[in-house]
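Visitor: Sharing a structure with you now.
Bear in mind that the values in this text are calculations on the coordinates, not laboratory data. Only a predicted model underlies this, so the values are computations on that prediction, with no experimental measurement involved. No Cβ is skipped: glycine too gets one built from the backbone with ideal geometry, and neighbour counts run over all protein chains shown.
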Amino acid sequence: STGDSWGIFTFLCAALCNLPALPALNCSEELGAGQSIQQTYDLTRYLEHQLRTLAGTYLNYLGPPFNEPDFNPPRLARAERVPSATVDLDLWRGLTDNARLAANYRAYSRLLCYLRVLDGQVGTAELRHRLAHFCASLQGLVLSIGGVMSSLGYPLPAGPAAPPAPPGAPAAPNDFLKKMDDFWLLKELQTWLWRSAKDFNRLKKKVPPAVVTLRLEARGF
Amino acid sequence: YERVGADVTMKCGSMDWDAAVTWTVNGTDIDESHLNGSYLILKNVGLSQSGQYACYEGSSWHLKYQTFLRVGTPPKEPVLMCRSNNYPKGFYCSWHLPTPTYIPNTFNISVVHGTKDMVCEKDATPKNRCHIRYIQLFSTVKYKVTLTVTNPLGKNFTTLTFDEFAIVKPDPPESVVAKPVPNNPRRLEVSWQNPSSWPEPESFPLKFFLRYRPLILDQWQHVELSDGTSHTITDAYAGKEYIIQVAAKDNDIGTWSDWSVAVHATPWTEEPKHLTTEAQITETTSASTSSFMAPPTTKICDKGAVVGSGAVAVCWTAGLVVAAYSVLFI
């Protein structure tokens, strides 16, 4: 029954979502914050590249019209659950380093969660394999961002949130809407990766030199 | 207004068909063969038949009717292009008609972002261009731009739909300068600047693509640079004039700019005049410093170490210069 499957869904997500909450303090201590930012930036570029292949395969799996290049559906209200990278330009410019990092951390934690649920449902072995690989890389990104935040002395945002949908909200009532959910998930993920590249560019320039030199001194430069 | 190729019939105002009239075009009388009674018949009008037509009553030479005929065509589908060369500030769209209509056209542009209508501000110059400022960044919703062109003979339109990231294309790098490097016959120092239209290179860094070739060859060599606005070419053919261009791209999104203006440069070569001073500086002996290329350079080699560890390089580059010049003389 739908009640049972919804319960399983929320349980699954709760279980899977607690995984990325581990802070990566050990890693960050060794690297300077500047170097971690660079690595995180590189990770977003790598993921963006990976996603292009993954999204292509997945959208083909969904079939038309999702795999058509000019598919431009209106954004349904249900798609609002997926964290969106869209932000007011002036607001984005004015974000503090902490807020900027936290937004990325929260977004990817939740996106990872959604993706993991997808992984469990997807049909072909090839897709499962690709998704699993992507999720692993995405988890690496979340940990990397967490590492940067810790090394800069910022607290990690409270857990990757509760399961993405409150138990009362309906799961996709039909196959087409489920596919729409998947489509928007991939789109937001792609946009977040583009945004993160820009976020981390800004952070690269703004990492306080004191933090970097401290690390360099410690390494005897 | 009439279409090219149409048949035009002009009536002389309220005059009867069988009235005696004279038609003129731009003041010149029109031959009676074009008349059907008092009607002027123009078959298959062409552009050259545009003009001021007037009809006068036969005997009194009263002006009975006057009109300005403009021959043109209805608009073909316009060509529309949108591009963001100033990311993240916004983007601009520019348009034109593939073929002229010869009559006045009005353009109307509309930009829709999801459910929101946006205003594209028309530019004073160039005409046929408008720009939009981004309010939101990193949008997943596509922009849809519709351009409608209307003239008295018809209308047409075209639409473009795109993502924010897809249209990012910087202007080419500016102030590209290529200089030879003294004492280095195989090097060229190239430097350039970010395009001035790119507003925030610190937060939105650009990467660059350099291409160069000697004028005499067709094949380009390429270097991609993710940092900095200068590069030293170290494998130039000695003594050959080079053509060099640079292109720019946002580090992460969009497409490459067009190639910059080409600059020409030739690597440093030893000249007899130069060699005199060089030899005096680098050699302890001053024998045969005023002769041709070959002897002094081989002499430097024979003499062994000149500039310490640079000696081998000098020998090698000198040998190459000799080889290059001997090729020229073949």
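Visitor: Let me know the mean shielding of A:81-93 by other chains, meaning the per-residue number of their Cβ atoms within 10 Å of its Cβ.
Guide: Details: counts 0, 1, 0, 5, 5, 7, 4, 4, 9, 2, 2, 4, 4.
The per-residue average across the peptide is 4.
Visitor: If r is the Cβ-Cβ distance from B:SER110 to B:SER197 and R0 is 30 Å, what FRET efficiency results, to the nearest 0.05?
Guide: Values: r = 25 Å, r/R0 = 0.83.
Result of the calculation: an efficiency of 0.75.
Visitor: Can you tell me how much longer the chain between A:VAL87 and A:TYR46 gets when fully stretched, taken as 0.36 nm per residue apart minus their C-alpha distance, in nm with one decimal?
Guide: 12.4 nm
Visitor: Which of the peptides A:183-189, A:52-58 is most tightly packed, and how do the rest follow, judged by the mean count of other Cβ atoms within 10 Å per residue?
Guide: Working: A:183-189: 21.9, A:52-58: 16.1.
Put in order of decreasing packing, that is A:183-189, A:52-58.
Visitor: Can you tell me the FRET efficiency between B:PHE68 and B:LYS207 if r is taken as the Cβ-Cβ distance and R0 is 51 Å, rounded to the nearest 0.05?
Guide: On the way: r = 56 Å, r/R0 = 1.11.
For B:PHE68 and B:LYS207, the calculated efficiency is 0.35.
Visitor: Nearest 0.05, what FRET efficiency do B:ASP218 and B:MET81 give at R0 = 35 Å with Cβ-Cβ as r? If you can, show how the numbers build up before the last one.
Guide: Numbers: r = 30 Å, r/R0 = 0.86.
It comes out at approximately 0.70.
Visitor: Relative contact order of the range B:79-162, please, whole-number percent, based on alpha carbon pairs below 8 angstrom and at least 6 residues apart.
Guide: Values: 142 pairs, mean separation 25.9, N = 84.
The normalised contact order for the range B:79-162 reaches 31 percent.
Visitor: Please list, in order along the range B:193-209, the HN-Hα scalar couplings obtained from phi with the Karplus expression 6.51 cos²θ - 1.76 cosθ + 1.60 (θ = phi - 60°), rounded to whole Hz, x for Gly and Pro.
Guide: Here the 3J(HN,Hα) series is 10, 4, x, 5, 6, 7, x, 10, x, 6, 7, 10, x, 9, 10, 10, 10 Hz.
Visitor: Another one. In terms of the ratio Rg/(2.2 N^0.38 Å) built on C-alpha atoms, what value belongs to the range B:79-162?
Guide: 1.14
Visitor: Right, something else. With +1 assigned to the C-beta of every Lys and Arg and -1 to the C-beta of every Asp and Glu, and no other charges, what is the dipole magnitude of the range B:1-59 about the Cα centre in debye, to the nearest 20? If you can, show how the numbers build up before the last one.
Guide: Working: 3 positive and 8 negative charges, 55 e Å.
So the magnitude is around 260 debye.
Visitor: May I ask you to list the residues of the range B:30-52 whose amide nitrogen lies under 13 Å from a point 7 Å from Cα along the Cα→beta-carbon direction of B:ASP16?
Guide: B:38
Visitor: On to the next question. Once both labels are modelled 7 Å past Cα along the beta-carbon direction, what's the B:ALA262-B:VAL4 spacing in nm?
Guide: Placing both labels 7 Å beyond Cα along the Cβ direction yields 3.5 nm.
Visitor: Among B:PHE157, B:TYR143, B:THR125, which residue has its Cα positioned farthest towards the positive end of the charge dipole of the range B:79-162, with +1 placed on the Cβ of Lys and Arg, -1 on the Cβ of Asp and Glu, and the dipole taken about the Cα centre?
Guide: Result: B:TYR143, furthest along the dipole toward the positive end.
Visitor: For B:ASP123, which sequence-distant residues (separation of 5 or more, or a different chain) have an amide H within less than 5 Å of its own amide H, given hydrogens modelled in the peptide plane?
Guide: Placed amide hydrogens put B:ARG129, B:CYS130, B:HIS131 under 5 Å from B:ASP123.
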